[in-house]
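Notes follow once the structure below has been shown.
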Amino acid sequence: MAGWLFADLLLVMVVVLLGGETTDGADPRPPCAAAGPSCIPSPSEPTLPGPSTSASVGPPPSGGLDPHTRSITVRTDPEAFMGGSARAAASVRRQVAHQTEKFRGKRAAFVMVFGNAGRLPGGAVDTGTSTAFAEAVARLLPSAAPEFFPQYHKEIIRGYHNTDPGIPSGTAEIELFFLLH
C-alpha cells in the first residue's frame, strides 16, 4: 500500500512540475520559407527541439510542490459521520475551518487524508472502513474551507487508511501540500 501511495505522490509531483514548465515561444520546427513555396514538412519525419540553452540548478523559482508538508487532525464519531449525521459533518467542518486559518493566504495543491475508523477482532485496524472514512472526510474538505481547498477530485484530495495502532478511532490526519512561490 505504501508503494502505491508514493507512486501517486510521484505522479502528482511530475504533473505539477511539468505544468510549471515554461517555453520561450520558439517553434522547434526548422524554417521552411528558405526552400520556397514547394516546401512541405514531412509528417513521417519527426522534428525534435534543439538542446535547451537555459541551465537550471535547484528548484524552479515558482511552481512545483513545497517539500515541507503541513498537517491538521480532525476527530469525530466515524459511524455517525459515515452514516450521514449532520452534527458529525458540521463538527468536522468547524475543526477544518478553524485549523486552516493558520494557513491564511495559502491554498492547498494536493491533500492526503489518513483515516482510522475502528478495529477488527484481534486489534488490527479495519482498513476498509478506515479508507471509507478517510475518503468521506476528503470529499467534505472543499465545503469546510472553500478558499483553502481545491474542488474535490480523487486525484487531488485522496483518502487512505492509517494502520498506526496508536491512533484513536475516528481520527483523520490531513496532510497538506502547497505550491512553491
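Overview of results
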| read-out | value |
| --- | --- |
| Every residue from region 141-156 that is open to solvent by less than 20 Å² (accessible area, probe 1.4 Å) and either in a helix (DSSP H, G or I) or charged (D, E, K, R) (or both) | Leu141, Ala144 |
| Test: residue in region 82-101 that is in contact with a Ser or Thr (Cβ under 9 Å, 6 or more places away or on another chain), open to solvent by 80 Å² or more (accessible area, probe 1.4 Å) and in a loop (DSSP other than H, G, I, E, B) | no |
| Any pair with Cβ under 7 angstrom, 6 or more apart, that starts in region 128-144 at a residue that is more than 15 Å from Gly118 (Cβ to Cβ) and ends at one that is of a type in the set (S, T, N, Q) | Pro142/Gln151 |
| Residue ID - nearest to Leu65 (Cα to Cα), chosen from residues in region 100-127 that are among the hydrophobic types (A, V, I, L, M, F, W, C) and without any contact (Cβ under 8 Å) to a residue 60 or more places away in the chain | Ala117 |
| Among the residues listed as Phe133, Phe110, the single one being within 23 Å of Leu10 (Cα to Cα) and not polar (S, T, N, Q) | Phe110 |
| Residue, nearest to Met13 (Cα to Cα), within region 157-169, restricted to residues that are part of a loop (DSSP other than H, G, I, E, B) and without any contact (Cβ under 8 Å) to a residue 60 or more places away in the chain | Asn162 |
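The values are calculated or read from the model by the stated rules, or taken from the named source; none is laboratory data. Since the model is a prediction, treat every value here as computed from it, not as a measurement. Heads up, the Cβs are rebuilt from the backbone with ideal geometry, glycines too, and the neighbour counts pull from every protein chain shown. Surface accessibility is based on the protein's heavy atoms, side chains included, excluding ligands, DNA and RNA. Shrake-Rupley method; radii C 1.70, N 1.55, O 1.52, S 1.80 Å.
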